Amino acid sequence: MANQPKLFAYSSIDALATTLRTYIIQAQNAGITRHDAFKVAVSGGSLPKTLAKALLAPPTSDDDKILFEKWEIFFADERAVPLDHEDSNYGLLKTELLDKIPETMGKPVVHPIDVKQLDDVQELADQYEQLLVRSFASRDSVKLPIFDLLLLGCGPDGHTCSLFPGHELLRETAAWVAPIEDSPKPPPKRITLTLPVVTHGVRVAFVATGAGKKEILKEIFEQGNGLPCALVNEGAGERCGFSVYKMQAPPMPPSLQSSLNATKVEYDQLGTSGLRVSSPILGTMGIGSKEWQGWTMDEEQGLQVLKAAWDRGFTTWDMANVYSSGINEEIIGKAIKRFGIPRQKLTILAKCMGTVPEEPGIFSWMFEPQLQKNKDHVDKGIEDESIIKRTQEIAKKKGWKMSQVALVWNRGKGCISVVGLNSTIIERMDEACAGRNMSLTEDEMKYLEEPYAPKSITGHV
(Lines give C-alpha, C1' and ligand atoms only; values in the text may rest on other atoms or scores of the structure.)
Protein backbone atom coordinates (compact mmCIF):
# COMPACT_ATOMS: atom_id res chain seq x y z
CA MET A 1 0.00 0.00 0.00
CA ALA A 2 1.29 3.48 -0.82
CA ASN A 3 2.06 6.01 1.91
CA GLN A 4 2.19 3.31 4.57
CA PRO A 5 1.16 4.88 7.90
CA LYS A 6 3.46 4.92 10.91
CA LEU A 7 3.34 2.25 13.63
CA PHE A 8 4.76 2.91 17.10
CA ALA A 9 4.84 0.07 19.65
CA TYR A 10 5.30 0.68 23.39
CA SER A 11 6.09 -1.76 26.17
CA SER A 12 4.29 0.28 28.84
CA ILE A 13 1.22 2.48 28.99
CA ASP A 14 3.35 5.22 30.61
CA ALA A 15 5.66 5.35 27.59
CA LEU A 16 2.69 5.46 25.22
CA ALA A 17 1.00 8.22 27.23
CA THR A 18 4.15 10.37 27.27
CA THR A 19 4.57 10.19 23.50
CA LEU A 20 0.83 10.63 22.89
CA ARG A 21 0.85 13.80 24.99
CA THR A 22 3.64 15.30 22.89
CA TYR A 23 1.82 14.36 19.67
CA ILE A 24 -1.47 15.89 20.88
CA ILE A 25 0.23 19.12 21.99
CA GLN A 26 1.81 19.46 18.54
CA ALA A 27 -1.63 19.05 16.94
CA GLN A 28 -3.17 21.43 19.49
CA ASN A 29 -0.64 24.18 18.85
CA ALA A 30 -0.96 23.81 15.08
CA GLY A 31 -4.76 24.08 15.32
CA ILE A 32 -4.60 27.15 17.53
CA THR A 33 -2.19 28.76 15.07
CA ARG A 34 -4.58 28.01 12.16
CA HIS A 35 -7.91 29.10 13.65
CA ASP A 36 -7.44 29.87 17.36
CA ALA A 37 -9.06 26.57 18.35
CA PHE A 38 -8.25 22.88 18.59
CA LYS A 39 -10.99 20.73 17.06
CA VAL A 40 -10.61 17.08 18.01
CA ALA A 41 -12.83 14.02 17.57
CA VAL A 42 -12.52 11.12 20.01
CA SER A 43 -13.90 7.60 20.18
CA GLY A 44 -14.64 5.42 23.21
CA GLY A 45 -13.34 2.09 24.44
CA SER A 46 -10.05 2.25 26.34
CA LEU A 47 -9.05 5.55 24.73
CA PRO A 48 -10.49 7.97 27.36
CA LYS A 49 -8.51 6.30 30.13
CA THR A 50 -5.30 6.53 28.10
CA LEU A 51 -6.05 10.17 27.28
CA ALA A 52 -6.48 10.97 30.97
CA LYS A 53 -3.06 9.51 31.73
CA ALA A 54 -1.51 11.51 28.89
CA LEU A 55 -3.28 14.84 29.35
CA LEU A 56 -3.67 15.27 33.10
CA ALA A 57 0.02 14.97 33.92
CA PRO A 58 1.61 18.25 35.09
CA PRO A 59 3.54 20.12 32.36
CA THR A 60 7.30 19.76 32.33
CA SER A 61 7.92 23.05 30.50
CA ASP A 62 6.16 26.00 28.87
CA ASP A 63 6.02 23.98 25.64
CA ASP A 64 4.30 21.07 27.40
CA LYS A 65 0.96 22.67 28.24
CA ILE A 66 -2.53 21.38 27.49
CA LEU A 67 -4.74 24.39 26.69
CA PHE A 68 -8.18 22.93 27.33
CA GLU A 69 -9.87 26.32 27.04
CA LYS A 70 -9.05 26.19 23.31
CA TRP A 71 -10.39 22.66 22.79
CA GLU A 72 -13.61 21.71 20.99
CA ILE A 73 -14.32 18.02 21.56
CA PHE A 74 -16.57 16.07 19.21
CA PHE A 75 -17.35 12.36 19.17
CA ALA A 76 -16.18 10.19 16.29
CA ASP A 77 -19.11 7.94 17.06
CA GLU A 78 -21.77 7.68 19.75
CA ARG A 79 -24.30 5.14 20.93
CA ALA A 80 -28.00 6.10 20.95
CA VAL A 81 -28.25 5.92 24.73
CA PRO A 82 -28.64 8.52 27.54
CA LEU A 83 -25.47 10.43 28.35
CA ASP A 84 -25.20 8.76 31.76
CA HIS A 85 -25.63 5.25 30.32
CA GLU A 86 -22.70 2.85 30.72
CA ASP A 87 -22.48 2.50 26.90
CA SER A 88 -22.25 6.27 26.28
CA ASN A 89 -18.93 7.45 24.85
CA TYR A 90 -19.65 10.89 26.29
CA GLY A 91 -20.30 9.35 29.71
CA LEU A 92 -17.05 7.40 29.51
CA LEU A 93 -15.03 10.46 28.53
CA LYS A 94 -16.70 12.50 31.26
CA THR A 95 -15.86 9.92 33.93
CA GLU A 96 -12.30 9.19 32.83
CA LEU A 97 -11.17 12.66 31.73
CA LEU A 98 -13.56 15.62 31.76
CA ASP A 99 -14.50 15.39 35.46
CA LYS A 100 -10.83 15.15 36.41
CA ILE A 101 -9.60 18.29 34.63
CA PRO A 102 -8.45 20.85 37.25
CA GLU A 103 -9.89 24.36 37.02
CA THR A 104 -6.37 25.67 36.45
CA MET A 105 -6.14 23.79 33.12
CA GLY A 106 -9.29 25.41 31.70
CA LYS A 107 -12.40 23.65 30.41
CA PRO A 108 -12.98 22.40 26.87
CA VAL A 109 -16.16 22.90 24.85
CA VAL A 110 -17.73 19.45 24.53
CA HIS A 111 -20.36 18.51 21.93
CA PRO A 112 -22.51 15.52 23.02
CA ILE A 113 -25.48 14.18 21.07
CA ASP A 114 -29.00 15.56 21.51
CA VAL A 115 -30.64 12.93 23.73
CA LYS A 116 -34.11 14.11 22.71
CA GLN A 117 -33.57 12.26 19.40
CA LEU A 118 -32.55 8.85 20.77
CA ASP A 119 -35.56 7.11 19.21
CA ASP A 120 -34.72 8.35 15.69
CA VAL A 121 -31.08 7.67 14.83
CA GLN A 122 -31.41 9.30 11.40
CA GLU A 123 -32.53 12.55 13.06
CA LEU A 124 -29.83 12.09 15.70
CA ALA A 125 -27.20 11.85 12.95
CA ASP A 126 -28.66 14.80 11.03
CA GLN A 127 -28.60 17.03 14.12
CA TYR A 128 -25.01 16.10 14.93
CA GLU A 129 -24.05 16.85 11.33
CA GLN A 130 -25.67 20.29 11.65
CA LEU A 131 -23.61 20.84 14.77
CA LEU A 132 -20.48 20.16 12.69
CA VAL A 133 -21.72 22.51 10.00
CA ARG A 134 -22.10 25.33 12.52
CA SER A 135 -18.62 24.74 13.86
CA PHE A 136 -16.76 24.15 10.59
CA ALA A 137 -18.73 26.65 8.39
CA SER A 138 -21.62 26.22 5.98
CA ARG A 139 -21.95 23.25 3.62
CA ASP A 140 -21.76 25.67 0.69
CA SER A 141 -18.16 26.62 1.49
CA VAL A 142 -16.81 23.42 3.06
CA LYS A 143 -17.06 20.04 1.38
CA LEU A 144 -15.91 18.17 4.48
CA PRO A 145 -15.06 19.19 8.05
CA ILE A 146 -11.34 19.20 8.73
CA PHE A 147 -10.56 18.08 12.26
CA ASP A 148 -7.20 19.08 13.67
CA LEU A 149 -6.96 15.59 15.15
CA LEU A 150 -9.03 12.43 15.27
CA LEU A 151 -8.20 10.06 18.13
CA LEU A 152 -9.54 6.62 17.31
CA GLY A 153 -9.54 3.07 18.59
CA CYS A 154 -9.06 -0.19 16.72
CA GLY A 155 -11.45 -3.06 17.40
CA PRO A 156 -10.36 -6.71 17.35
CA ASP A 157 -12.29 -7.08 14.07
CA GLY A 158 -10.59 -4.04 12.50
CA HIS A 159 -13.53 -1.66 13.03
CA THR A 160 -13.08 1.97 14.05
CA CYS A 161 -15.64 4.59 15.08
CA SER A 162 -18.86 2.66 14.32
CA LEU A 163 -17.64 1.67 10.89
CA PHE A 164 -17.66 -2.13 10.77
CA PRO A 165 -16.10 -4.58 8.28
CA GLY A 166 -18.30 -5.19 5.25
CA HIS A 167 -20.99 -2.71 6.33
CA GLU A 168 -22.69 -0.55 3.71
CA LEU A 169 -21.74 2.62 5.62
CA LEU A 170 -18.18 2.17 4.35
CA ARG A 171 -19.50 3.25 0.94
CA GLU A 172 -21.17 6.45 2.24
CA THR A 173 -19.65 9.51 0.52
CA ALA A 174 -22.20 12.31 0.92
CA ALA A 175 -23.05 12.48 4.62
CA TRP A 176 -20.71 13.74 7.33
CA VAL A 177 -22.49 11.79 10.05
CA ALA A 178 -24.43 8.59 9.38
CA PRO A 179 -26.81 6.47 11.46
CA ILE A 180 -26.42 2.74 12.02
CA GLU A 181 -29.22 0.57 13.38
CA ASP A 182 -27.70 -2.87 12.97
CA SER A 183 -24.32 -2.60 14.64
CA PRO A 184 -22.75 -6.06 15.01
CA LYS A 185 -21.53 -4.89 18.41
CA PRO A 186 -24.12 -3.79 21.01
CA PRO A 187 -25.82 -1.45 21.38
CA PRO A 188 -27.15 -1.72 17.79
CA LYS A 189 -28.26 1.91 17.33
CA ARG A 190 -25.45 4.45 16.86
CA ILE A 191 -24.21 7.38 14.83
CA THR A 192 -20.73 7.71 13.34
CA LEU A 193 -18.50 10.00 11.36
CA THR A 194 -18.25 8.68 7.81
CA LEU A 195 -15.07 7.43 6.19
CA PRO A 196 -14.43 10.58 4.06
CA VAL A 197 -14.64 12.77 7.19
CA VAL A 198 -12.25 10.54 9.13
CA THR A 199 -9.66 10.39 6.35
CA HIS A 200 -9.89 14.15 5.79
CA GLY A 201 -8.44 15.09 9.20
CA VAL A 202 -5.17 16.98 9.50
CA ARG A 203 -3.95 14.16 11.75
CA VAL A 204 -5.42 10.76 12.53
CA ALA A 205 -4.10 8.75 15.48
CA PHE A 206 -5.12 5.22 16.37
CA VAL A 207 -4.44 4.23 19.98
CA ALA A 208 -4.65 0.44 20.28
CA THR A 209 -4.09 -1.33 23.58
CA GLY A 210 -4.05 -5.01 24.48
CA ALA A 211 -2.10 -8.05 23.29
CA GLY A 212 -5.21 -9.30 21.43
CA LYS A 213 -4.71 -6.62 18.74
CA LYS A 214 -1.54 -8.17 17.33
CA GLU A 215 -3.15 -10.32 14.63
CA ILE A 216 -5.65 -7.72 13.42
CA LEU A 217 -2.91 -5.09 13.21
CA LYS A 218 -0.83 -7.46 11.16
CA GLU A 219 -3.78 -7.93 8.80
CA ILE A 220 -4.42 -4.17 8.60
CA PHE A 221 -0.84 -3.40 7.67
CA GLU A 222 -0.04 -6.39 5.49
CA GLN A 223 -3.28 -7.27 3.69
CA GLY A 224 -5.77 -4.49 4.37
CA ASN A 225 -8.68 -6.68 3.23
CA GLY A 226 -11.04 -3.69 3.18
CA LEU A 227 -11.06 -3.43 6.97
CA PRO A 228 -12.23 -0.01 8.20
CA CYS A 229 -8.93 0.70 9.95
CA ALA A 230 -7.06 -0.25 6.78
CA LEU A 231 -9.30 2.05 4.70
CA VAL A 232 -8.49 4.94 7.05
CA ASN A 233 -4.78 4.09 6.70
CA GLU A 234 -5.01 4.15 2.94
CA GLY A 235 -7.07 7.33 2.84
CA ALA A 236 -5.05 9.34 5.37
CA GLY A 237 -1.63 7.96 4.43
CA GLU A 238 1.23 9.78 6.12
CA ARG A 239 -1.21 11.81 8.22
CA CYS A 240 -2.13 8.61 10.06
CA GLY A 241 -0.24 6.88 12.86
CA PHE A 242 -0.78 3.90 15.15
CA SER A 243 0.36 3.87 18.79
CA VAL A 244 0.20 0.35 20.15
CA TYR A 245 0.64 -0.91 23.71
CA LYS A 246 1.11 -4.54 24.72
CA MET A 247 1.68 -6.07 21.35
CA GLN A 248 2.92 -9.54 22.19
CA ALA A 249 6.67 -9.33 22.51
CA PRO A 250 8.91 -11.88 20.78
CA PRO A 251 10.41 -14.55 23.07
CA MET A 252 13.37 -13.37 25.10
CA PRO A 253 16.60 -14.63 23.47
CA PRO A 254 18.06 -17.31 25.80
CA SER A 255 21.44 -15.58 25.94
CA LEU A 256 19.86 -12.27 27.00
CA GLN A 257 17.66 -13.97 29.60
CA SER A 258 20.66 -15.81 31.01
CA SER A 259 22.63 -12.57 31.24
CA LEU A 260 19.76 -10.79 32.99
CA ASN A 261 19.39 -13.62 35.49
CA ALA A 262 23.10 -13.54 36.31
CA THR A 263 23.32 -9.76 36.70
CA LYS A 264 23.14 -8.81 40.38
CA VAL A 265 24.12 -5.13 40.27
CA GLU A 266 22.76 -1.89 38.83
CA TYR A 267 24.29 0.45 36.26
CA ASP A 268 24.48 4.23 36.32
CA GLN A 269 25.46 6.76 33.68
CA LEU A 270 28.08 9.28 34.75
CA GLY A 271 26.54 12.67 34.00
CA THR A 272 26.24 13.31 30.27
CA SER A 273 29.46 11.45 29.43
CA GLY A 274 27.74 8.36 28.06
CA LEU A 275 29.90 6.19 30.32
CA ARG A 276 27.89 3.63 32.29
CA VAL A 277 29.47 2.01 35.33
CA SER A 278 28.39 -0.81 37.58
CA SER A 279 27.02 0.21 40.96
CA PRO A 280 28.78 -0.66 43.15
CA ILE A 281 32.26 -0.54 41.62
CA LEU A 282 34.71 -3.32 42.44
CA GLY A 283 37.75 -2.16 44.42
CA THR A 284 40.76 -4.41 43.72
CA MET A 285 43.38 -3.16 46.16
CA GLY A 286 43.14 -6.44 48.07
CA ILE A 287 44.40 -8.46 45.10
CA GLY A 288 48.15 -8.77 44.60
CA SER A 289 50.88 -10.00 46.95
CA LYS A 290 50.85 -10.72 50.69
CA GLU A 291 54.37 -9.29 50.78
CA TRP A 292 52.79 -5.86 50.21
CA GLN A 293 50.16 -6.21 52.95
CA GLY A 294 49.28 -9.26 54.98
CA TRP A 295 45.57 -9.05 54.18
CA THR A 296 46.14 -9.03 50.42
CA MET A 297 45.04 -12.06 48.37
CA ASP A 298 47.53 -13.92 46.27
CA GLU A 299 47.18 -14.41 42.53
CA GLU A 300 45.05 -17.57 42.32
CA GLN A 301 42.52 -16.43 44.92
CA GLY A 302 42.41 -12.99 43.31
CA LEU A 303 41.70 -14.48 39.88
CA GLN A 304 38.73 -16.43 41.23
CA VAL A 305 37.39 -13.30 42.93
CA LEU A 306 37.63 -11.32 39.70
CA LYS A 307 35.80 -14.09 37.84
CA ALA A 308 33.03 -14.10 40.47
CA ALA A 309 32.74 -10.32 40.21
CA TRP A 310 32.44 -10.43 36.41
CA ASP A 311 29.81 -13.17 36.57
CA ARG A 312 27.69 -11.03 38.92
CA GLY A 313 27.81 -8.00 36.66
CA PHE A 314 30.63 -5.92 38.18
CA THR A 315 31.87 -4.35 34.94
CA THR A 316 33.79 -1.49 36.56
CA TRP A 317 37.01 -2.22 38.45
CA ASP A 318 39.07 0.27 40.43
CA MET A 319 42.87 -0.19 40.59
CA ALA A 320 46.09 1.78 41.08
CA ASN A 321 49.68 1.38 39.97
CA VAL A 322 50.98 1.18 43.56
CA TYR A 323 48.73 -1.71 44.65
CA SER A 324 51.14 -4.57 45.48
CA SER A 325 53.79 -2.62 43.56
CA GLY A 326 52.14 -3.32 40.19
CA ILE A 327 51.34 -7.02 40.73
CA ASN A 328 47.64 -6.02 41.07
CA GLU A 329 47.65 -4.76 37.47
CA GLU A 330 49.28 -7.98 36.22
CA ILE A 331 46.66 -10.17 37.88
CA ILE A 332 43.83 -8.10 36.39
CA GLY A 333 45.40 -8.56 32.94
CA LYS A 334 45.65 -12.33 33.51
CA ALA A 335 41.96 -12.48 34.57
CA ILE A 336 40.87 -10.78 31.34
CA LYS A 337 42.81 -13.31 29.28
CA ARG A 338 42.04 -16.47 31.28
CA PHE A 339 38.29 -15.91 31.52
CA GLY A 340 37.78 -14.38 28.07
CA ILE A 341 36.35 -11.14 29.44
CA PRO A 342 35.62 -8.79 26.49
CA ARG A 343 37.87 -5.81 27.14
CA GLN A 344 35.40 -3.39 25.54
CA LYS A 345 32.79 -4.36 28.14
CA LEU A 346 35.07 -3.76 31.12
CA THR A 347 35.71 -0.29 32.52
CA ILE A 348 38.97 -0.03 34.46
CA LEU A 349 39.48 3.01 36.64
CA ALA A 350 43.27 3.22 36.87
CA LYS A 351 45.03 5.62 39.23
CA CYS A 352 48.68 6.63 38.93
CA MET A 353 49.39 7.79 42.45
CA GLY A 354 53.02 7.22 43.33
CA THR A 355 56.35 5.61 42.55
CA VAL A 356 56.16 1.84 42.13
CA PRO A 357 59.02 -0.03 43.81
CA GLU A 358 60.44 -3.12 42.19
CA GLU A 359 59.96 -5.14 45.37
CA PRO A 360 56.33 -5.92 46.30
CA GLY A 361 57.19 -5.88 50.00
CA ILE A 362 57.89 -2.14 49.99
CA PHE A 363 54.83 -0.09 50.89
CA SER A 364 55.39 3.03 48.85
CA TRP A 365 53.09 5.65 50.33
CA MET A 366 55.27 8.22 51.96
CA PHE A 367 55.36 8.20 55.79
CA GLU A 368 52.57 5.62 56.03
CA PRO A 369 54.34 3.57 58.77
CA GLN A 370 54.90 6.72 60.81
CA LEU A 371 51.28 7.84 60.42
CA GLN A 372 49.97 4.46 61.61
CA LYS A 373 51.97 4.86 64.83
CA ASN A 374 50.74 8.41 65.42
CA LYS A 375 47.91 8.74 67.95
CA ASP A 376 46.32 11.69 66.10
CA HIS A 377 45.98 9.49 63.05
CA VAL A 378 44.81 6.31 64.74
CA ASP A 379 42.21 7.82 67.10
CA LYS A 380 38.76 8.43 65.71
CA GLY A 381 36.90 11.69 66.37
CA ILE A 382 33.75 11.92 68.52
CA GLU A 383 31.65 12.56 65.40
CA ASP A 384 32.93 9.38 63.74
CA GLU A 385 32.09 7.30 66.81
CA SER A 386 28.54 8.65 66.84
CA ILE A 387 27.99 7.91 63.13
CA ILE A 388 29.33 4.36 63.58
CA LYS A 389 26.97 3.75 66.50
CA ARG A 390 24.01 5.06 64.51
CA THR A 391 24.98 2.88 61.57
CA GLN A 392 25.09 -0.14 63.88
CA GLU A 393 21.70 0.81 65.30
CA ILE A 394 20.00 1.07 61.89
CA ALA A 395 21.68 -2.12 60.67
CA LYS A 396 20.40 -4.02 63.70
CA LYS A 397 16.87 -2.61 63.32
CA LYS A 398 16.69 -3.58 59.63
CA GLY A 399 18.60 -6.85 59.87
CA TRP A 400 21.27 -5.54 57.49
CA LYS A 401 25.05 -5.46 57.50
CA MET A 402 26.60 -2.12 58.44
CA SER A 403 28.25 -2.07 55.02
CA GLN A 404 24.80 -2.29 53.41
CA VAL A 405 23.59 0.71 55.41
CA ALA A 406 26.62 2.66 54.16
CA LEU A 407 26.11 1.55 50.54
CA VAL A 408 22.42 2.46 50.53
CA TRP A 409 23.11 5.85 52.15
CA ASN A 410 25.82 6.55 49.58
CA ARG A 411 23.52 5.59 46.71
CA GLY A 412 20.82 7.85 48.15
CA LYS A 413 23.26 10.74 47.77
CA GLY A 414 23.75 10.01 44.08
CA CYS A 415 27.17 8.43 44.60
CA ILE A 416 28.58 5.13 43.36
CA SER A 417 30.47 3.10 45.95
CA VAL A 418 33.67 1.12 45.50
CA VAL A 419 33.44 -2.24 47.29
CA GLY A 420 36.81 -3.29 48.68
CA LEU A 421 38.15 -6.83 48.85
CA ASN A 422 39.19 -9.14 51.67
CA SER A 423 39.19 -12.88 52.33
CA THR A 424 35.36 -12.98 52.39
CA ILE A 425 34.98 -10.95 49.18
CA ILE A 426 32.43 -13.29 47.50
CA GLU A 427 30.11 -12.92 50.48
CA ARG A 428 30.73 -9.16 50.53
CA MET A 429 29.95 -8.88 46.82
CA ASP A 430 26.63 -10.66 47.33
CA GLU A 431 25.83 -8.38 50.29
CA ALA A 432 26.58 -5.34 48.11
CA CYS A 433 24.40 -6.68 45.28
CA ALA A 434 21.48 -7.14 47.69
CA GLY A 435 21.66 -3.43 48.43
CA ARG A 436 19.95 -2.54 45.14
CA ASN A 437 16.65 -3.70 46.65
CA MET A 438 17.16 -1.82 49.93
CA SER A 439 16.29 1.74 50.87
CA LEU A 440 16.52 4.10 53.84
CA THR A 441 13.74 6.42 54.87
CA GLU A 442 14.28 10.17 54.80
CA ASP A 443 14.37 10.21 58.61
CA GLU A 444 16.99 7.44 58.68
CA MET A 445 19.16 9.35 56.19
CA LYS A 446 18.97 12.46 58.35
CA TYR A 447 19.68 10.44 61.52
CA LEU A 448 22.91 9.12 60.02
CA GLU A 449 24.04 12.55 58.82
CA GLU A 450 23.20 14.56 61.93
CA PRO A 451 26.51 14.03 63.81
CA TYR A 452 28.70 14.70 60.77
CA ALA A 453 31.17 17.57 61.06
CA PRO A 454 33.22 18.81 58.07
CA LYS A 455 36.93 17.98 58.16
CA SER A 456 39.88 19.66 56.58
CA ILE A 457 40.92 18.26 53.22
CA THR A 458 44.37 16.67 53.09
CA GLY A 459 46.35 15.25 50.24
CA HIS A 460 45.03 17.68 47.59
CA VAL A 461 46.46 20.82 46.10
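The values are calculated or read from the model by the stated rules, or taken from the named source; none is laboratory data. Model, not experiment: these values are computed from the prediction. Methodologically, a virtual Cβ is constructed for each residue, glycine included, from the backbone with ideal geometry; neighbour enumeration extends over all protein chains shown. When the accessible area is computed, the model is the full protein with side chains, heavy atoms only, and any ligands, DNA or RNA have been set aside. Shrake-Rupley method; radii C 1.70, N 1.55, O 1.52, S 1.80 Å.
Below, the figures for the structure above:
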quantity	calculated
When each of Lys116/Lys143; Lys345/Lys413; Lys264/Lys401 is checked by Cα-Cα distance, pairs over 23 Å	Lys116/Lys143; Lys345/Lys413
Whole-Hz couplings from phi, Karplus 6.51/-1.76/1.60, listed for the stretch 16-25; x for Gly and Pro	4, 4, 5, 5, 4, 4, 4, 4, 5, 5
Extension gain, Ala175 back to Glu359 (0.36 nm per residue minus Cα-Cα distance, nm)	56.8 nm
Spatially proximal lysines relative to Lys53 (Cα-Cα < 26 Å; intrachain offsets below 8 disregarded)	Lys6, Lys39, Lys65, Lys70, Lys94, Lys100, Lys107, Lys213, Lys214, Lys246
Reachable aspartates and glutamates from Lys351, criterion Cα separation under 18 angstrom, eight or more residues apart if same chain	Asp318, Glu329, Glu330
Solvent-accessible area, 1.4 Å probe, carbon plus sulfur percent, for the stretch 71-198	51
Gyration tensor (Cα) of the stretch 101-234, equivalent ellipsoid semi-axes in angstrom	25, 19, 16
Accessible area expressed per residue, the chain, with surrounding protein chains retained (probe 1.4 Å, Å²)	53
Value of [θ]222 nm, deg cm²/dmol, for the chain, DSSP H segments ≥ 4, -39500 (n - 2.57) each, nearest 500	-11000 deg cm²/dmol
Principal-axis tilt of helix 425-434 within the chain, Cα atoms, nearest 10 degrees	30
Distance between modelled label sites at Asn29 and Lys398, nm, 7 Å Cα→Cβ extension	4.3
Residues whose placed amide H lies under 5 Å from that of Phe75, excluding near-sequence neighbours	Val42
Value of relative contact order over the chain, rounded to a whole percent, pairs C-alpha under 8 Å and six or more apart	13
Size of electric dipole in the chain: Cβ of Lys, Arg +1 and of Asp, Glu -1, about Cα centre, debye, nearest 20	840
GluC sites (Glu not before Pro) restricted to the stretch 1-97 and DSSP loop, no more than 11 other C-beta within 10 Å	Glu86
Theoretical gain in end-to-end length, Ala262 to Phe339 [0.36 nm per residue, Cα-Cα removed]	26.1 nm
Prolate/oblate/rounded label for the chain (Cα gyration tensor, a/c 1.5)	prolate
Where Rh is the Kirkwood radius over Cα pairs, Rg/Rh for the stretch 12-129	0.99
